[in-house]
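The structure that follows is given in the form of structure tokens.
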Amino acid sequence: NMKTEVKVSADEEELVAQLRNYLTEKLTYLLEQNGTISIGVSGGSMPKVWSEALLSVAPELLNWKRIRIFMVDERHVPRDHEDSNLGAYLQLFPQELHHVFIPVPISKQVVHTAQAYEINLRKYLLPEQLNTYPRFDILFLGAGPDGHTASIFPGKEQLEKITDLNWVSVITDSPKPPPSRVTITMQCIQNAKNVAFILTGANKRDVVRAIHEGDKSIPAAQARPMNNKMILFLDEHAAAGVPNR
Ligand code: 6PG
């Protein structure tokens, strides 16, 4: 069954510290494996706490040549637009580290943006077997009160395949503005080695419960990594959704 680890923080400072410890543990392990670490990150409230956590990991572990950061999803807006997820991360990272982010090439048509992003992902994330899905080391996901994660919304899970790879999809009627977004697919999420949710606020309590109950109607609860290992970083309010806590 699902081995869901739960870390509850009393405030944002503790949340950042817990994220830093988690990143330290994963970076140590993966750098010993001598590989590169591919990390997907989400938008909304995540950029601020996540960037603070990664940038405060012990410098000797931050081998930036071996770290690649991808957008789990991106809004179809220019990079300097206030709604851009990549733009939010780039503002939080020093200029000399911007190269660790794999860009989402924004073009006029959202489908072309998705196709270009998929080509970029392929450059860095060849799947072990051809014609399967990439294997992200860690995907940091948020979730909405409605249970969406990435840009995969309840009742809108069947997104149009824009290539036969099906690594990236497009939504143009996102219930969460802005309406047009590109997102990695649920198949990519489920193929990750580790999935870490960051969920804070009372309005995330029900999605926390849905994740624990494995409620398949909720995209965040479908985001089950291949080895079933999932960790939830919660605050006290969202943790009210953890059964018999
Ligand atoms: C986005 C995010 C989205 C986000 C959730 C939670 O681009 O909007 O990827 O999936 O993670 O909507 O957002 P909050 O953490 O801001 O509530």
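Of the residues 21, 63, which is over 20 Å from residue 196 (Cα atoms) and surrounded by fewer than 17 Cβ atoms within 10 Å (Cβ to Cβ)?
On the way: 21 fails: over 20 Å from residue 196 (Cα atoms).
Only one candidate qualifies: 63.
Take the residues of the stretch 35-50 that are closer than 18 Å to residue 136 by Cβ and of a type in the set (Ser, Thr, Tyr): which is most open to solvent (accessible area, probe 1.4 Å)?
36
Still on this model: (1) more than 19 Å from the chain's Cα centre (by Cα); (2) under 21 Å from residue 153 (Cβ atoms): which one isn't true of residue 60, the others all being true?
(2)
So if I check each of 173, 164, 146, which one is within 13 Å of the ligand (Cβ to nearest atom) and among the acidic types (Asp, Glu)? Steps first, please.
Details: 173 fails: within 13 Å of the ligand (Cβ to nearest atom); 164 fails: within 13 Å of the ligand (Cβ to nearest atom).
After ruling out the rest, the residue left standing is 146.
Continuing with the same structure: Could you give me the residue pairs with C-beta distances under 6 Å whose first residue belongs to the stretch 232-245 and is farther than 8 Å from residue 202 by Cα, whose second residue is at pLDDT below 95 and surrounded by 12 or more Cβ atoms within 10 Å (Cβ to Cβ) wherever it lies, and which are 6+ apart or on separate chains?
243/212
Quick test of your reading of the structure: residue 150 fulfils all but one of (1) farther than 27 Å from residue 227 by Cβ; (2) touching a residue at least 12 places away in the same chain (Cβ under 8 Å); (3) under 19 Å from the mean Cα position of the chain (by Cα). Name the failing condition by number.
Exception for residue 150: condition (1).
Can you find, within the stretch 28-48, the residue that is farthest from residue 197 (Cα to Cα) among those that are of a type outside the set (Gly, Ala, Ser) and within 16 Å of the ligand (Cβ to nearest atom)? Give the derivation first.
Within the stretch 28-48, the first condition is being of a type outside the set (Gly, Ala, Ser), and the residues that meet it are 28-34, 36-37, 39, 41, 46-48.
Going one step further and asking which of them are within 16 Å of the ligand (Cβ to nearest atom), we end up with 39, 41, 46-48.
On the way: 39: 13, 41: 10, 46: 10, 47: 13, 48: 15 Å.
Among those residues, the one meeting the criterion is 48.
The values are calculated or read from the model by the stated rules, or taken from the named source; none is laboratory data. Not measured: the values here are computed from a predicted model. Cβ: placed from backbone, ideal geometry, glycine included. Neighbour counts: every protein chain shown. Areas reflect the complete protein model, heavy atoms only, side chains present, ligands, DNA and RNA absent. Shrake-Rupley method; radii C 1.70, N 1.55, O 1.52, S 1.80 Å.
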